[in-house]
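Bear in mind that the values in this text are calculations on the coordinates, not laboratory data. Since the model is a prediction, treat every value here as computed from it, not as a measurement. For neighbour counting, all protein chains shown are included, and Cβ atoms are generated from backbone atoms with ideal geometry for every residue, glycine included.
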Amino acid sequence: MKFIVFLFIFLTLAHFCSASVKAIYWPQWRGPEMIGISPDGDPPLEWGENKNIKWKIEIPGKGYASPIIWDNKVFIQTAIETEKDTDVEGTEAKEAELPEWRRQTGTPAKKVQRFTIIAINREDGQILWQRVLREEAPHAGTHADGSWASNSPVTDGERVYAFFGSYGLYCLDMQGNPIWNKDFGYMKIKMSFGEGSSPVLYGDVIIINWDHEDQSFIIALDKRTGKELWKKERNEVTSWSTPIVIEHDGKTQVIVSASDRIRSYELETGNILWECSGMTLNVVPSPVIADGIIYVASGFRGNSLMAIKLDGASGDISNTDFVLWRYNQNTPYVPSPLVYGGSLYILKTNDGILTCLDAKTGEVYYSEQRLSDIKGVYSSPVGAKDRVYIVGRNGVTYVIKGGPEFKVLAINSLDDSFAASPAVVDKEMLLRGHKYLYCIADDKGE
């Protein structure tokens, strides 16, 4: 009996310590809790090419995957174009293995890409290792503003998982040695807009959402082996939203937003717990959670923002009291919402036009506030130290005061363009541009 009690205490403490360590770093898309907040982060207010830049390095290839951070390592994914031309028959996949839609439509010749993950020393920006995981000509195109390396990696501090969608999921140790990999086939993406949903890691489970123009599905894998734990078909067309995993009322839920339905899956079994309609087409923003309320948004050919109460949610909750409030204007197409300090922040479509609402009631604090120096936004906002950081595609970042009153604290500019979202750890912010990766920190060390 004493041994059992001791074991329970040990496992509880181990879980607590693991969660605490995870909270220090930025281990996946949108940070430790997948909501775009750094609980203890305090990055600089101001920076520029000659101010508060700890280091800056050029990243080979093209990729819009956001950086992740664990301890002294920063991980980044990229697709590096080679000089080799190829066509369908020249790819690693043989013609007979391609899906019917792919064999019928064909593709123009493209350059072979090296799908690559890079580990960088957080202290000095030096590359620790660089691993090419697959070399292949892409089977389809991407949006003009997209890349073949837009999915962000994830880590638990022991292993790092690099996901390139149609080009595989790869598990490596922290020194870059391959452990296992998984190939899910080719995605058929609407309008050749490219891929973008990132993997989610929770405990020992990796979740991949695979919404496309063929049979969509969501799948759970054992992080140690890559073994399939469950797989559920989805009645969805292409979406780019990354799932969020939350614990509520004794159940761990995987919540995915998409065009037909927002669905909650039980992590253990994959069974649907609840579902709700209400999004527009082409769902890109990821859900966020605060105080037992899930917030979902979309902004293509329409506007939709909904606050959904989790307590008691079961079955189809569309048009019920579980939808606490709706806001149907100025919603984002690409950037995800941010709920921080009781306020909810959204950007209109892909523009630098900001709206702030009371997260619990939907009351509008301010709306259509133009961030005039910003020219377009794909990056999702982040919150740290009661400040909200909004990064524009043209290299301009607004730092605004959190809360119901709009107040600009700083406007910063860098000589690069940005689509990836920031990562914040301690007093540093990592910004991945189209060409460079920046580590922003107070150059006075204060």
## Note on the structure
Given pairs Lys62/Lys190; Lys182/Lys232; Lys62/Lys375; Lys62/Lys407; Lys375/Lys435 and cut-off 23 Å on Cα-Cα distance, the over-length ones are Lys62/Lys407
#### Entry: Sequence ranges 146-155, 166-175, ranked by mean other-Cβ count within 10 angstrom, highest first
146-155, 166-175
### Query
What is the local net charge at Thr242, summed over the other residues whose Cβ is closer than 12 Å to its Cβ (Lys, Arg +1; Asp, Glu -1)?
-1
## Note on the structure
Expressed as a whole-number percentage, the relative contact order of the chain with C-alpha contacts under 8 angstrom and at least six residues apart is 15 percent
### Query
In the neighborhood of Asn72, defined by Cβ-to-Cβ distances under 12 Å, what is the net charge if each Lys or Arg adds +1 and each Asp or Glu adds -1?
-3
### Query
Arranged by the count of other C-beta atoms within 10 angstrom, fewest first, what order do Thr320, Thr349 take?
Thr320, Thr349
### Task
Identify all aspartates and glutamates with a Cα-Cα distance to Lys444 below 20 Å; exclude those on the same chain that are fewer than 8 residues away in sequence.
Asp40, Asp42, Glu46, Glu49, Glu123, Asp124, Asp426, Glu428
### Task
Could you please rank Leu430, Leu128, placing first whichever residue has the fewest other Cβ atoms within 10 Å of its Cβ?
Leu128, Leu430
### Query
What does the charge add up to near Gly176, with Lys and Arg as +1, Asp and Glu as -1, over the other residues with Cβ less than 13 Å from its Cβ?
+2
#### Entry: Farthest toward positive dipole pole in the chain [+1 Lys/Arg, -1 Asp/Glu at C-beta], among Gly63, Leu357, Ile400
Ile400
### Residues Lys375, Lys427 arranged by fewest to most Cβ contacts within 10 Å
Lys375, Lys427
#### Entry: For the chain, size of Cβ-based charge dipole, Lys and Arg +1, Asp and Glu -1, in debye
160 debye
